[in-house]
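The values are calculated or read from the model by the stated rules, or taken from the named source; none is laboratory data. Please read these numbers as outputs of a predicted model, since none were measured by experiment. Positions of Cβ are backbone-derived with ideal geometry, glycine not excepted, and every protein chain shown enters the neighbour counts.
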Amino acid sequence: MTDTATTRTDTATARAVRLAAEPLREAGPRPGFATGTLSSLRDIAAHSELMGFLVRRELKSRYKDSALGFLWSLIRPLAMLLIYYVALGKFLGAARSIPDFAIFIYTGLTAWGLFNEIVTVGTASIVANSGLIKKVYLPREVFPLSAVGSAVFSFLIQLGILIAATAVVGRFPTGIRWFYFPLSLAVLLVFSTALALLLSAVNVYLRDVGYLVEVALMILFWGSPIVYSWSLVHRQLLKYPTLEQLYLLNPITLVVCGFQRTFWVAGDAQPFQVTALGERLGIALVVGVLLLWVCQRTFARLQANFAQEL
Amino acid sequence: MDGTPVIRIENVSKRFVIRKEKSLKERLVNFGRSNLHKDDFWALQNVDLEVSTGSTVGLIGPNGSGKSTLLKMIGGILQPTSGSVHLRGRLAALLELGAGFHPDLTGRENVYLNASILGLSRKQTDRHFDAMVDFSGIEPFIDTQVKFYSSGMYVRLAFAVAVHVDPDILLVDEVLAVGDEQFQRKCLERIRGFQHEGRTIVLVTHGLDQVAEFCDRAVVLEHGKVTADGLPRDALKVLRADFEATRQEEVDRQDEAAGRPLARFTGIALRSDSGATGHPSLRTGEGLTVAVEIEATTPLEDWEIGVGITTPLGTALYGTNTRLLGVKLDRHVGPGRFEFHLGQLALGEGDYSVQTSLTGSDGTEIDVVPQAAEFSVEGDGRSQGALAAQAKFAVL
């Protein structure tokens, strides 16, 4: 009896001594727009394992109890490929001016699919996890970021199919082409993550954002050379160089072109190419990183009232 | 305990803005007039509180008094409108059991996910996993999807995960009343263990008995302000008196509406057999005289007066009234004085309260004062508890 009593007090005193040595810290997220960046990053890094769990939860629950399971994440893009290939390529005749039309379309769809999923799922992520946000304090960034994680997973599967397809048609990308892929992927991830962070936070205060995003994504899809080629745009905009530059300001256009430069080997025969694509992507990346920072800080500011607004 | 503060709440206020519009259209239409569509609600006002290591604090108060808001503020879930909340050490919040459970995942997957949400690493969860499952007692179903669990199983698993996290500060909100009795006892034992390990516990509850049993300090919140802070016994007294006042107001309103008689106690005096008055101190076995004064504004017919003895925490020990004593009271109006004599009180050492009640013979309450007066009993140091007995011991 006395033994346990002393050990008890020992643990208790040890704890008291350890706690006395610790400084007092503020409960919840730290304030400050510019100064909080480092602590935010540290917070997120400390919860990387949790993000892994959340991504796995997302993936596991998405296809749980369905007979085909993960195959569904392939069937959707393949169906889209088929539709565009038949309707646009064959019926509207786009395939005549675009060699390897299937590869061309699938390259664009793969890049677009990643962007689309990160932005849509990311925007809804905070509201979807409201139960957790109201009950436990976590750095709330983990929710949009885990949406990014699960989107990247489906993207990797599609990418595998794309690479296999290039090998099947006998035009496997080699050499300097691969330089464009990581660069455009980085631009894609940075922009979509920035948007996901910002929109998920704004969505808490204004639920219209979800619908707004749907419309904006539709416009953006047709505003990027995914199902038609850049050459077609270039031909139409020859007389309006300003409009063409405007078109090229869209980072998704650059990303899609970068993907096509890598995987659509037959595209080399196209009469027109986007000039200085590498430089453009580089600038987009720098702008994207800045945007990501601004969006994260905005998110950090807005998150203080999440629990009471949800 | 040395008094290192682990939670320091300084001048915290919290304002909730109640908006009546949510969509973009409504906001655009009402832009500039938006103040008309807002209501301010102060959930907390100028709250100061410091909690030191190893203490167990109960936050109590009526519904809507700001208890849960304060707890969420300590947990970092809500931000104060003004003031600051500072912490030391690792914090775990049991605000809702199984908040992170996903119905489509199995129990095992949910344990890892939930432990991670509460701040355990994968390795730590691996180490505690068997203990968690064992504690929950639902081993055969651990690989079943959680959506097929009964609510009891759900809560068991969630609590099992929560108590295996190693926090310095544990915030608990109304979650102790879960599971069957055997499991509840297990949970309470675990919380006692936490106390012995010097962890700080902040508890929000309506179970006042729990506060009396577990806490070494209680804080009463009312309308967002701290109205009492101290030993559970004193805080509970304040809270109970408040509850009583609110209830009495309601009863009065109803009485008036129903045309029932109006009367109330206006005074009480205690006198021990040895002649001590005020807050008398009795010896075990001594008798007590309770004199009460009433004022009836409307005539009382068919009525009773009763007195009782309770512990400071409100547990009734004894009670009697004029009907039980076989006395029929006459019609009465205006002031009146009555006296009860309670002889040979076999009470153990401690403090006691006297309760007085005025009721109609059909059982309607006219006026009740739960802690009208106090007295104490000095024992001979040979026993503990509220009851006194002539104890002897023999070896046979």
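Miscellaneous remarks
- Single residue of B:V146, B:V220 found to be in contact with a Pro (Cβ under 8 Å, 6 or more places away or on another chain) and either in the same structural domain as B:E374 (by TED's automatic domain parsing) or crowded, with 20+ Cβ neighbours inside 10 Å (or both): B:V146
- Within region B:78-126, the set of residues being among the small types (G, A, S), more than 32 Å from the chain's Cα centre (by Cα) and more than 9 Å from chain A (Cβ to nearest Cβ) comprises B:G107 only.
Let's see how each residue does on (1) surrounded by fewer than 14 Cβ atoms within 10 Å (Cβ to Cβ); (2) not hydrophobic (A, V, I, L, M, F, W, C):
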| residue | (1), (2) |
| --- | --- |
| B:R127 | yes, yes |
| B:V155 | no, no |
| B:F159 | no, no |
| B:D173 | no, yes |
| B:F183 | no, no |
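- Look at (1) at pLDDT below 85; (2) over 13 Å from the mean Cα position of the chain (by Cα); (3) surrounded by 17 or more Cβ atoms within 10 Å (Cβ to Cβ) and you find that B:L239 fails only one, number (2).
- Within region A:126-145, the residues that satisfy the criterion of being touching a residue at least 40 places away in the same chain (Cβ under 8 Å) and under 13 Å from A:M51 (Cβ atoms) are A:L138, A:P139, A:R140, A:E141, A:V142, A:F143, A:P144, A:L145.
- Screening A:Y137 with (1) within 14 Å of chain B (Cβ to nearest Cβ); (2) under 22 Å from A:L59 (Cα atoms) gives one miss only, at (2).
- Where helices (runs of 4 or more DSSP H) fall wholly inside region A:210-281, the ranges with 1 or more residues that are without any contact (Cβ under 8 Å) to a residue 24 or more places away in the chain are A:230-236, A:241-249.
- Exclusive hit being small (G, A, S) and within 30 Å of A:N129 (Cβ to Cβ), set A:A300, A:A276: A:A300
- Annotation note: Cβ proximity below 9 Å between a residue of region B:102-128 that is of a type in the set (K, R) and a residue that is assigned to a loop (DSSP other than H, G, I, E, B) (sequence gap 6+ or interchain) occurs for B:R108/B:I142; B:R108/B:D143.
- Residues satisfying the stated conditions in region A:266-310, i.e. within 14 Å of chain B (Cβ to nearest Cβ) and either touching a strand residue (DSSP E or B) at 6+ places or on another chain (Cβ under 7 Å) or of a type in the set (D, E, K, R) (or both): A:R301, A:Q308, A:E309
- Which listed residue, of B:S84, B:S116, is touching a helix residue (DSSP H, G or I) at 6+ places or on another chain (Cβ under 6 Å), on the phi < 0 side of the Ramachandran plot and at pLDDT 85 or above: B:S116
- Residue in region A:99-117 that is modelled with pLDDT of 85 or more and not in a helix (DSSP H, G or I) present: yes
- Being surrounded by 23 or more Cβ atoms within 10 Å (Cβ to Cβ), of a type in the set (A, V, I, L, M, F, W, C) and either assigned to a helix (DSSP H, G or I) or modelled with pLDDT under 90 (or both) is not true of A:F172.
- Of the residues making up region A:46-80, those that are within 14 Å of chain B (Cβ to nearest Cβ) and either more than 19 Å from the chain's Cα centre (by Cα) or surrounded by 13 or more Cβ atoms within 10 Å (Cβ to Cβ) (or both) number 21.
- Residue in region B:287-299 that is more than 29 Å from the chain's Cα centre (by Cα) and part of a loop (DSSP other than H, G, I, E, B) present: yes
- For the condition within 14 Å of chain B (Cβ to nearest Cβ) and either assigned to a helix (DSSP H, G or I) or within 14 Å of the chain's Cα centre (by Cα) (or both), A:F143 qualifies.
- Residue in region A:104-121 that is polar (S, T, N, Q), buried (at least 20 other Cβ atoms within 10 Å of the Cβ) and under 21 Å from A:T166 (Cβ atoms) present: yes
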